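Working notes, structure below.
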Number of protein chains: 2
Amino acid sequence: MKSNHKGGIAIMKEKNKRNVLRCVKENGPISRSEVADQLHLSKPTVSALVEELLQENWLKEVGPGSAGLAGGRKPIQLVFNSRAAHVIGIDMGGTKVRTGICDLIGQPLAVDEFPTQTQKKTLLKALKQNVDKLLKNAALKPDDILGMGIGAPGMTDADRGVVIDAPSLSWSQYPLKKEAEALFPWPVMVDNDVNVAVLGEQWLGAAKGMKHVVLISIGTGVGCGMLINGQLYRGATWAAGEIGYMVTDMAKARSADLPPPHEGYGFLEQYVGGAGIVQSMKQEMKGQPEPLFPNNFSAKDVFQKAKDGDQAAVRVIDEVIDHIGFAVANMISIINPEVVLLGGGISRSADWFLPRIQKTIQDFASVSAPVLPTALGENLGVVGAVSLVLRETESVLKEL
Amino acid sequence: MKSNHKGGIAIMKEKNKRNVLRCVKENGPISRSEVADQLHLSKPTVSALVEELLQENWLKEVGPGSAGLAGGRKPIQLVFNSRAAHVIGIDMGGTKVRTGICDLIGQPLAVDEFPTQTQKKTLLKALKQNVDKLLKNAALKPDDILGMGIGAPGMTDADRGVVIDAPSLSWSQYPLKKEAEALFPWPVMVDNDVNVAVLGEQWLGAAKGMKHVVLISIGTGVGCGMLINGQLYRGATWAAGEIGYMVTDMAKARSADLPPPHEGYGFLEQYVGGAGIVQSMKQEMKGQPEPLFPNNFSAKDVFQKAKDGDQAAVRVIDEVIDHIGFAVANMISIINPEVVLLGGGISRSADWFLPRIQKTIQDFASVSAPVLPTALGENLGVVGAVSLVLRETESVLKEL
DNA sequence: TGGTTAGTTAGTAAAGATGCCTAACTTAGC
DNA sequence: GCTAAGTTAGGCATCTTTACTAACTAACCA
C-alpha cells in the first residue's frame, strides 16, 4: 500500500503520469523518446510511467513507426486508448432531455432523448431508464463509465451540484448531483447548460483549443458562458454571464412601456428572447388591420416571415439583431475574447444576420473578434457535459 | 551544485518552502510545529525548510512563546521578515509619475513624484534620478531591491513588458520593460495602470483577499481592471476591460450628433470621461445667455457646480452618473464580482452619487454587489505596482 | 549484389541524488 | 513523570545520470 504522503512526493509522480498521458493524447502516435523530450523528463522516467499507463490500459502500443533519416532504431508508437473509459453526458432542456455516451475523445457511441417530465421523481426515473438503454446500445457496463455530466438550464452551484434556480423546470435549490448519484454508481457533475456548451465548443467545436471564449446562447432565454484563461468563469455567486440583464438602451430601460425589471427577465431578454420577440411582434401588429399571424405563433415564425420579406416582421427582427449586435460588441469590449460563439435556436439563422452584428462590432467595440455560430449542433450539450467530467477528473494537470 | 532537475523533485521542495513562508506570513507569530500541522507536513520537513528560510533571511525567530496548558516545551515563534527585500512601484500617469519603495507587506518606506516628461529619454532619465533619490531616502542599496513594477496608462503587453498604446503619453509599441531594465539592476514588470490598481486594492485595499473584483477607474478616460478567479484577466490581446467602449444607449450611439466612434474614444468615454463632461457642459450652456464657466474649465469644476446646486451642471452630471450606473450594472450582470470598486478622479465624489448607482444596480442588474470607492488613495498605483512584482515573483504558490 | 562497418536513435538497467516520512530521541517547561 | 517542541537517524519513493543493448540506415568494399 502506498504510504500516506499527504503533501508528498507521490503527487508529482501522478502529475508526470498525467502529463505523459496528455502528451500522447495530444500528439497522436508518438514514441517514448519524444515524450521524454517534450516533457523534459528523462527517458527512464517516461518508460516507467508509460509502463504503468499501458498496464492500466490508458495507452496502447501500435507497432513500430519509421526510423529517422539518419538511421537508428525504429520507435515504438504509443497512442491514447480513447476507449479506456466512457463518459455520459446529459443535456437537460426545458422540453427534452438529450443523453449520450462518449468515449474519451468525445466520439458519441450512443445518443438518445426523451421528453422532460415536470415531476422531479419521474424525470429521474425516466433518466435512469434511458441511461440503462444507452448502456445496452453501446454494449457497455457500469464499470466502463468514468462519470456523468449534466447541463442544467439555470443557475447552478457546480461545487455542490445544486441547481439554484431553473425557471423553465420550476427547480429551486435542487440537489441534482446528490439525487443522481443515489441512482447511478458513478460520480455526477452538474453545471449550467451554457457553461457546459462553451466547454464543448472549446473542446471539439468552433473554439477548439482557445483560452478566452464567450458563448452567447439565444433561445427562449438569453445566456452566456465564458471561458477565461482556459477555465470556466462562474462568478462569485454562480451568476456570471447573465447577459440577459444587459441594458443596451438606458432610455428604453427607464421608460414605462416595458414591464418592470426583475420579474424573472432582464432587459435584453425582453427584446431578444423568444417571448420578447413574440411580444414585440404583437405590439407591431396592433397598428395593422389584418393579422399576420394566427393567435399563437413563435419567435421562429417571426424570423421566417422576416426572411420572407414582411415589413412588420423585418422591423421586429431588425431591432432584435441590433440589440444582439450591441450586446456582443459590449462583451467584446469587456472580455476581449478570441472568439464569440452564438448558440441556441437563433444560431440556425446565423448566416442571415452575422454580417450586421459584425458591422456593429466594427463600429462600436474597442477591438475585434470573430463571431461564429456554434459548431457542435444538437449534440453540443451532451459533448459539453462529457467535457465537464473529463476536465474535472483531470484537473490536476492544469499547470504545465 | 544542484543537478538540473528540470521537471524534477526540486519544484516540490520549492513549493513547500513557499507554503511555509506564506503560512508564517499569514499566521503571524507561529511555531514550527503548528506550521507542520497546518500544511500537513512533517515536523522535520518544516524544520529543514524553516532553517533555509532563516538563512535566507525571509523569516526571523522572535523568542519563545508561552507553553500550552498541559505543559511542554515552549514553542519558538517565527515571524515573516517584511524587510527581507523591497520593491519599487511606479505609477506612471499622464501628468505626473509617482514613485515609491515598499517592504514586503506593502508598507511604503519612501514615496515621491515628479512631472511626466514628454520625451521618453528625459522621462527615463528623470525616473532614474528619482529612484536613486528614493533609495537614498529609504537608506537602501540596489541589492535590497527585489524588483520594480510599473503601471502604465494604456494597453500593455505584460508578458513582454511593451506598452502597446498609451494615447496620453503618445506611446506606441514602447518596450518599457526592456528600456527600464537597461537602466536598473533589477527585474522590471509592466502592466496597465488599472490592472495594477485592482491588484493593489485586492492586496491591501477595499477588496482585500477577494477573488472576483472589478475596478472601474473614471478620470480623463474610463478603464476597468478585472480580477477573476484571483487572477488578473487581461484578455486575448491585452484589451480586456475596455469599458469605455460600452454602449449603454444604442439610440444615442447611432445618432449623428456625436462624433463618430473610433477616434480614440468609446461611447461611454464620450459621456463620462473628463473631456466628455466638459463637452456636454458646453452643449448645455449654449442655450443659456450667461456662461456659467470661463472658457477653460474642467470636469472637476462641473462636479463642483452641480454639488452647489446649479441646474445645468446638475443635468450634465446626472446624465454622467446615470451612464455610470448602467455601466456598473452591466458589469455586475456579466461578471458577478464580489465587489465593484470605483477609482480615478471621480472617486472623490463617491459619497455623493454612490446611492444612485446602487439604485440602478438594484433595478437592472441580475444580482447585487457592493460598490465602493477605492481605499488606497494616492498611493494606489505605487502599491499596486509593488503587488504586481510580488505576485509574479511568488507565482508558484498560486495553488493551495 | 551482398556483406561489413560506422553512426544514430529507442529503450532499459543500475547507481546516485534529493526530498519526504516515520520513529525515536533530546530539550524544556509543568 | 508528563507533555509538547524540535532534532536526528533511517527508510522509501521519485527523479536523473550514466552506461548499456537493440535496432536501424548509410556507406563502403569485394
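The values are calculated or read from the model by the stated rules, or taken from the named source; none is laboratory data. Keep in mind the model is a prediction, meaning the values are calculated, not measured. Neighbour counts run over all protein chains shown; Cβ positions are idealised from the backbone, glycine included.
The table below gives the values:
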| read-out | value |
| --- | --- |
| Flag if A:VAL163 is free of Cβ contacts under 8 Å to residues at least 40 places away in the same chain, assigned to a strand (DSSP E or B) and buried (at least 21 other Cβ atoms within 10 Å of the Cβ) | yes |
| Hits in the stretch B:308-331 (condition: buried (at least 23 other Cβ atoms within 10 Å of the Cβ), within 14 Å of another protein chain (Cβ to nearest Cβ) and free of Cβ contacts under 8 Å to residues at least 40 places away in the same chain) | B:GLY325, B:ALA329 |
| Test: residue in the stretch A:7-24 that is more than 14 Å from chain B (Cβ to nearest Cβ), exposed (fewer than 15 other Cβ atoms within 10 Å of the Cβ) and more than 8 Å from DNA strand D (Cβ to nearest atom) | no |
| Any hit, the stretch B:141-150, residues being within 30 Å of B:GLU56 (Cα to Cα) and either free of Cβ contacts under 8 Å to residues at least 12 places away in the same chain or not assigned by TED's automatic domain parsing to the domain that holds B:SER387 (or both) | yes |
| Residue within the stretch A:212-230 that is more than 21 Å from A:GLY276 (Cβ to Cβ), out of contact with any Pro (no Cβ under 6 Å at 6 or more places or on another chain) and at the interface with another protein chain (Cβ under 7 Å from one of its Cβ atoms) present | yes |
| Qualifying residue in the stretch A:78-87 (condition: within 16 Å of DNA strand D (Cβ to nearest atom) and more than 23 Å from the chain's Cα centre (by Cα)) | no |
| Subset tally (residues that are more than 10 Å from DNA strand C (Cβ to nearest atom) and surrounded by fewer than 16 Cβ atoms within 10 Å (Cβ to Cβ)) for the stretch A:55-81 | 7 |
| Cβ pairs under 7 Å, 6+ apart, first in the stretch B:27-55 and within 14 Å of another protein chain (Cβ to nearest Cβ), second more than 9 Å from DNA strand D (Cβ to nearest atom) and of a type in the set (A, V, I, L, M) | B:VAL35/B:VAL20; B:VAL35/B:VAL24; B:LEU39/B:VAL20; B:VAL46/B:VAL20; B:LEU49/B:VAL20 |
| Residue identified as small (Gly, Ala, Ser), assigned to a loop (DSSP other than H, G, I, E, B) and buried (at least 16 other Cβ atoms within 10 Å of the Cβ) among B:GLY100, B:GLY89, B:GLY94 | B:GLY94 |
| Any hit, the stretch B:335-348, residues being under 20 Å from A:ALA365 (Cα atoms) and at pLDDT 90 or above | yes |
| Index of the failed condition, B:ASP37 passing every other in (1) outside the structural domain of B:LYS177 (by TED's automatic domain parsing); (2) surrounded by 15 or more Cβ atoms within 10 Å (Cβ to Cβ); (3) acidic (Asp, Glu) | (2) |
| In the stretch B:37-54, the residues that are polar (S, T, N, Q) and more than 10 Å from DNA strand D (Cβ to nearest atom) | B:GLN38 |
| Single unsatisfied condition, A:ALA369 versus (1) among the small types (Gly, Ala, Ser); (2) part of a loop (DSSP other than H, G, I, E, B); (3) over 22 Å from the mean Cα position of the chain (by Cα) | (3) |
| Whichever residue in the stretch A:259-273 is more than 7 Å from chain B (Cβ to nearest Cβ) and buried (at least 16 other Cβ atoms within 10 Å of the Cβ) and, among such residues, is modelled with the lowest pLDDT | A:TYR265 |
| Among the candidates A:GLY72, A:GLY63, A:GLY68, residue that is within 15 Å of DNA strand D (Cβ to nearest atom), in a strand (DSSP E or B) and modelled with pLDDT under 85 | A:GLY63 |
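Let's see how each residue does on (1) within 12 Å of DNA strand D (Cβ to nearest atom); (2) modelled with pLDDT of 90 or more:
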| residue | (1), (2) |
| --- | --- |
| A:ASN4 | yes, no |
| A:VAL35 | yes, no |
| A:GLU56 | no, no |
| A:LEU104 | no, yes |
